[in-house]
1. Output yes when any residue across the range 270-288 is in contact (Cβ under 8 Å) with a residue 40 or more places away in the chain, of a type in the set (Ser, Thr, Tyr), away from the ligand (no atom under 16 Å from the Cβ) and open to solvent by less than 10 Å² (accessible area, probe 1.4 Å), and no when none is.
2. Among the candidates 53, 22, which residue alone is hydrophobic (A, V, I, L, M, F, W, C) and closer than 19 Å to residue 251 by Cα?
3. Which one is farthest from residue 332 (Cα to Cα), of the residues in the range 299-316 that are assigned to a loop (DSSP other than H, G, I, E, B) and either within 16 Å of the ligand (Cβ to nearest atom) or not hydrophobic (A, V, I, L, M, F, W, C) (or both)?
4. Only one of 197, 249, 262 is touching a residue at least 24 places away in the same chain (Cβ under 8 Å) and under 19 Å from residue 152 (Cα atoms); which?
5. Please state which of the following conditions residue 236 fails to meet, knowing it meets all the rest: (1) closer than 23 Å to residue 201 by Cα; (2) within 16 Å of the ligand (Cβ to nearest atom); (3) assigned to a loop (DSSP other than H, G, I, E, B); (4) of a type outside the set (S, T, N, Q).
6. Only residues that are open to solvent by 40 Å² or more (accessible area, probe 1.4 Å), in a loop (DSSP other than H, G, I, E, B) and of a type outside the set (A, V, I, L, M, F, W, C): list them for the range 257-269, please.
7. Looking at (1) outside any loop (DSSP other than H, G, I, E, B); (2) at positive phi, can you tell me which one residue 152 breaks?
Amino acid sequence: MILIGKPYIEEDDEYTYLKSKISYNGNYETLWYKTRKDYGKYFCTERSDSFVIALLLFAMSKGEDIKTEEPISSRLYSNLVNNLIITLSKTHTEYHKINIFSDVSKDELYNEGRVGTGISCGVDSLQTIYQYTSNNCPENLKVNTLTMLNMGSHGDFGGEKARELYEKRMKRSEQFAKNNKFDFIMIDSNISEYIKMSFVETHTFRNMSAILAIQKLFKVYYYASGIPIWDFEISKKDPAYYDIYTLNMLSNENITFYSTGMSFTRLEKIDQITNYKLSYNTLNVCFNEDKNCGKCEKCVRTLLALEALKKIDLYKNVFDLDAYKKRKYKNYTILMHQKYKKNKNFVDIYKLMKKNNIKIPLICKIKGRILPNRVEIKRFLQSILSQEMYEKLKNKFWKK
Ligand SMILES: [Zn+2]
């Protein structure tokens, strides 16, 4: 049994904290969310919603029931016990069906009525901001507040290194908000350090728990999905494949979550944001670094897409385009390799390149086709050789 204590507020000079004492297996830990003091009044102590959702998959993976000292919102409680927990326990072997022992409350709380979304400065977040501030969006549903969360996207298990990266990335996000007249709110937390789970497998729950922590601020919150709706699949490890379901389940009387961007392919989203001038100096897609490295899969994929769209020069301030040109053969080889592996995002880029008469050298096509065999050979050797032998061979034959 995981016991979630009554949420309470603490403050220091700069931040307001929403805390709860967690008791599990005879150990006690204080979990917290923190935000700058001017937004601290929107933290919710009257419900356990945020801590329950932060710990839900952790509890289900351990097969542990949850008990809370404060009530859960009535709608959320019903969604969890009558639907979400049952579904996930049937579709994911790693999650067990658990009970939640908690009072419920149907009372609406004070709500400031903000409409929010995250600002990571990636393709999905910029496309959501673009779409939900456009003329097609009714005024009362237009995004006016941007968030930057530290719930695992800067390092699965949290810690100081992740926090450092979060703070670096936050500068760009906050600047974007400031320059474009959005309100900006940061929420940091130590929950990643406690649950120690893969972020990719838990991101929807972790991020939405932070928004539930501050549920007196938002009435609507958009969560950008990286997966189109036609690829919906409930049994996938990455919850992005079934966000539209989870977000409905996690909504309560005070806040409605929406999944956004699911009507478009990645390439269509990139195409859309090339019309969004605010993206030109802001776009940041890199897996590894604060700035776009130009070499990781996400950087290469985005650069290839921008090239296919013939819009790459618009992003000269956020990518080193000279370095991209120098790596051109390598990047085309990656494109052909991913196309060979039937990676939909790269297949779309390849088709558009063909349509726009961008020629791929034959050598890249051949190398892209051969590459998989090399990977398979490496895997095979790794499986039959000792690590030492494998490293020796690798250094001899595959050294760059
Ligand atoms: Zn990168």
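The values are calculated or read from the model by the stated rules, or taken from the named source; none is laboratory data. Just so we're clear, the structure is a prediction, and the values are computed from it rather than from any experiment. Quick reminder, even Gly has a Cβ in these numbers, built from the backbone with ideal geometry, and neighbours come from all protein chains shown. Heavy atoms of the whole protein, side chains included, go into the accessibility calculation; ligands, DNA and RNA do not. Shrake-Rupley method; radii C 1.70, N 1.55, O 1.52, S 1.80 Å.
1. yes
2. Details: 22 fails: closer than 19 Å to residue 251 by Cα.
Going through 53, 22 in turn, just one is hydrophobic (A, V, I, L, M, F, W, C) and closer than 19 Å to residue 251 by Cα: 53.
3. Our first condition is that a residue be assigned to a loop (DSSP other than H, G, I, E, B); within the range 299-316, this holds for 309-311, 316.
Right, trim to either within 16 Å of the ligand (Cβ to nearest atom) or not hydrophobic (A, V, I, L, M, F, W, C) (or both) and you get 310-311, 316.
Working: 310: 15, 311: 17, 316: 19 Å.
Top of the filtered list is 316.
4. Numbers: 249 fails: under 19 Å from residue 152 (Cα atoms); 262 fails: under 19 Å from residue 152 (Cα atoms).
Answer to the check: 197.
5. (2)
6. Selection gives 263 alone.
7. (1)
Results for (1) surrounded by fewer than 22 Cβ atoms within 10 Å (Cβ to Cβ); (2) hydrophobic (A, V, I, L, M, F, W, C); (3) more than 24 Å from residue 236 (Cα to Cα), shown as yes or no for each residue.
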position: 41; (1), (2), (3): yes, no, yes
position: 56; (1), (2), (3): no, yes, no
position: 64; (1), (2), (3): yes, no, no
position: 74; (1), (2), (3): yes, no, yes
position: 86; (1), (2), (3): yes, yes, no
position: 90; (1), (2), (3): yes, no, no
position: 96; (1), (2), (3): yes, no, no
position: 99; (1), (2), (3): yes, no, no
